[in-house]
Structure formats: C-alpha cells, structure tokens
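Below is one structure; the comments refer to it alone.
Just so you know, all these numbers are worked out from the coordinates, no wet-lab data involved. Small disclaimer: the values here were computed from a predicted structure and weren't measured. Glycine also receives a Cβ, built like all others from the backbone with ideal geometry; neighbour counts cover every protein chain displayed.
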Amino acid sequence: MTSKPVRSFVLALVVMLSTTPVARAHSFPQEQHPSAGETLSTAPQEIRIKFDAPIEKLFAKLQVVDSSGKDYAVGTPQISSDGIELTEKVEALKPGEYTVRWAVVCIDTHHTEGSYSFTIKGGGV
C-alpha cells in the first residue's frame, strides 16, 4: 500500500505535467513605416513601428543608422497610449541606405529586438 505523502507527491506531479502552460507573449513588429526593404523618394521625418503586444516605455530603444554607423534618431522614443506603437523622430536623412534597430520589452517582461533597412533615393528632405 502506498503512503499518503507519496500519493500526494505523485498526484501533484501528474497535475503539474498535465496542465497547459500559460502562453507568454513577446512584442513583434506588425507594421513599420518606412517598411523593411522600401525605397523612398522622400525622406521620412519619423520612424514608426506598430507591435502586436504592448511594450514598456522605459525600455524601448530605436536607432536609425547609416552605413557609417551614425545614428539619426532624435530625442527619446515615444510610445502610444495603448503601448503598441513606437515612434522616433529623425534628423534630415540624405539619399542612401539606413538601418532601423529596435529593442523593446513586452509588458510580460520578455525582451525582443531586431532590425531592418530602407533606402532613400533622390533629394532627401
């Protein structure tokens, strides 16, 4: 016959292994302006990234760098009131390729980051 502590342990183990874990969200871009790979004839005045889950304002980072590594982001990134859109003003961008580098922390504390490029052809701003 099995003792009560052993039965309790086995029951707890069965419950732990059979329950579905809680899904954890991460914030990933849903929309970007300018878009990844886009070629623009006019330089944007800001970069916007809309995420699929709210992000923490304190940890949001966004850079817009050229081929030499110069960052054209101005000031502090702004987060929309619903927490899903990250916006950053940029200096006047000249024709060329730029890389947007972003890093955010979702409200569930998961960190995500990434980058994409866009190109400006023509006269800039």
Mind checking which lysines have their C-alpha under 23 Å from Lys89, skipping anything on the same chain fewer than 8 residues away?
Lys50, Lys57, Lys61, Lys70, Lys121
The ³J(HN,Hα) series, computed from each phi in the range 31-44 with the Karplus coefficients 6.51, -1.76 and 1.60 at θ = phi - 60°, rounded to the nearest Hz and given as x for glycine or proline, is 9, 9, 9, x, 7, 4, x, 5, 10, 10, 8, 10, 5, x
Karplus-derived 3J(HN,Hα) from phi for the range 56-68 (6.51 cos²θ - 1.76 cosθ + 1.60, θ = phi - 60°), whole Hz, x at Gly and Pro, runs 7, 4, 4, 9, 6, 9, 8, 10, 10, 10, 8, 5, 8
Between Thr87 and Asp52, what is the spin-label point distance in nm, taking each point 7 Å from the Cα along the Cα→C-beta axis?
2.4
Say each of His111 and Gln45 gets a label point 7 Å from the Cα, pointing the same way as Cα to Cβ; how far apart are those two points in nm?
3.4
Burial-style ranking of 41-51, 68-78, average other-beta-carbon count within 10 Å with highest first, yields 41-51, 68-78
